[in-house]
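Q: Starting off with a structure, shown below.
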Amino acid sequence: MDYKSSLIQDGNPMENLEKQLICPICLEMFTKPVVILPCQHNLCRKCANDIFQAANPFWTNRVGSVSMSGGRFRCPSCRHEVIMDRHGVYGLQRNLLVENIIDIYKQECSSRPPQKGSHPMCKEHEDEKINIYCLTCEVPTCSMCKVFGAHQACEVAPLQSVFQGQKTELSNCISMLVAGNDRMQTIITQLEDSGRVTKENSHQVKEELSQKFDVLYAILDEKKSELLQRITREQEEKLGFIEALIQQYREQLDKSTKLVETAIQSLDEPGGAIFLLVSRTRRVIVEASKGCQLGKTEQGFENMDYFTLDLEHIADALRAIDFGTGKGGGGARCLFPCSAPGNLLPCC
C-alpha cells in the first residue's frame, strides 16, 4: 500500500489517510486485529470471518464440534480466491503496520472537537452502525445487511460518499431554487409594473376616447340646432303668410257683410226714385258679388317634407367606429382625427 504517493496527491493528508484505513466490507475504519490476505489487501478479522463463515457454513473454529480441513475465501476487493487451512481466518497474518497507523490516527483524531449526536445503529443488527447506503433500495443500512441480510443482491456505496453526493446535489438544487425564486420575483415585479402601466394607459385612452366622442356629441348638437332653426324659420315664414291672408279675408268678409246689409235695406225701399238714387252703392254690391281676388296658398303649401334628412349612411358609419388593427386598412376608421400619444388608436 503506497501511502506516500496517496498523501501527496491529496491536499488534506488526514482525510486521505482515513480513506486508506477503510475496510471494504464494513466501510468503517479497520478494527483490530487486521488481517492481510495473500493478495495484500486488508480486512477486519471480524469482517473476514463473517464472509468466510457465509462461504463455508459447515466450517467451525477449533472450539466447535465440527472439524474440517479448511475452506475457500474470495477477497472482496479483487476477488482473488484464497485457500484457508484448518485455522480459517485465524490462520491469516495480522497487519501490524496498519494497526499501528490506526493507533496513531486515532490519537490524532482524539484532539479534534467531538462530533455532535450519536451514530444511528442498524435495527436488524443492533451492534452494527449504519455505514453503507443501498443504491437499489435507496435506504441507509449496515454492512451485515449487505453480507447476510436483505441487501445481499443490492448495489451499495459508502454512506459518506452518498451523503456528500446528495448533500452537494441538494446544495446545488437550493442554489437553483434560490436563483429561480429571484427570477420569479423579478418577473412578478415586472408584471406588477406592467399591470400598473396598463391601468394608467387604459385610463388615458378612455379619457381621450371620451373627449373624442364629446366632440362628436358637440358637432351633432350644433348641427341639430342649425337644422331646427332652419325649420323654425320656414315655419315662421309660412305662418306669417297664412296669417296675412287670414287678415285680408277677414277684412273682405267685414266689407261684404256690410254690403249685404246695405243691399237688403235698398230692397226694402218702396219708392223708385229713392231706390235709383243709391245706384252707385248698387254697382259696388254687384262688383263684390262677382268674387274676391285675394291671394291663396298653393297646394301642399303646408308640407315640410323637403326637410327630410337621410342619416342612414351616417348611422352606419357611426356603428362602424372601432379600433383599427394597426396593419394598414384592416380595420374601420374613426370619423375624427386621433391625437393619442404613441399612436394608441391606429384607426384614427
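The values are calculated or read from the model by the stated rules, or taken from the named source; none is laboratory data. Being a predicted model, the structure only gives us computed values, none of them experimental. Methodologically, a virtual Cβ is constructed for each residue, glycine included, from the backbone with ideal geometry; neighbour enumeration extends over all protein chains shown. Calculation scope for accessible area: heavy atoms of the full protein, side chains included, ligands and nucleic acids excluded. Shrake-Rupley method; radii C 1.70, N 1.55, O 1.52, S 1.80 Å.
Q: Using the per-residue mean of other Cβ atoms lying within 10 Å as a proxy for protection, in what order, highest first, do the peptides 260-267, 95-102 fall?
A: 95-102, 260-267
Q: Okay, moving on. What number comes out for accessible area per residue over region 106-260 if the probe is 1.4 Å? Units Å², please.
A: On the way: 12190 Å² over 155 residues.
On a per-residue basis, region 106-260 sits at 79 Å².
Q: Could you work out how much longer the chain between Phe213 and Thr297 gets when fully extended? Use 0.36 nm per residue separation minus the Cα distance between them, nm to one decimal.
A: So the extension gain works out to 25.7 nm.
Q: Place the peptides 247-255, 24-32 in order of packing, highest mean first, counting for every residue the other Cβ atoms within 10 Å and averaging per peptide.
A: 24-32, 247-255
Q: Lys and Arg at +1, Asp and Glu at -1: add these up for the other residues within a Cβ distance under 12 Å of Gln229 and post the number.
A: On the way: positive: Lys223, Lys224, Arg230, Arg233; negative: Glu222, Glu226, Glu234, Glu236.
Around Gln229, the charge tally is 0.
Q: Report, ordered by chain and residue number, the aspartates and glutamates lying within cross-link reach of Lys167, taken as a straight Cα distance under 16 Å and ignoring same-chain residues fewer than 8 apart.
A: Answer for Lys167, where 16 Å is the Cα cut-off: Glu138, listed by chain and number.
Q: Taking 0.36 nm per residue of separation and subtracting the Cα-Cα distance, what length does fully extending Phe148 through Cys78 add?
A: 23.2 nm
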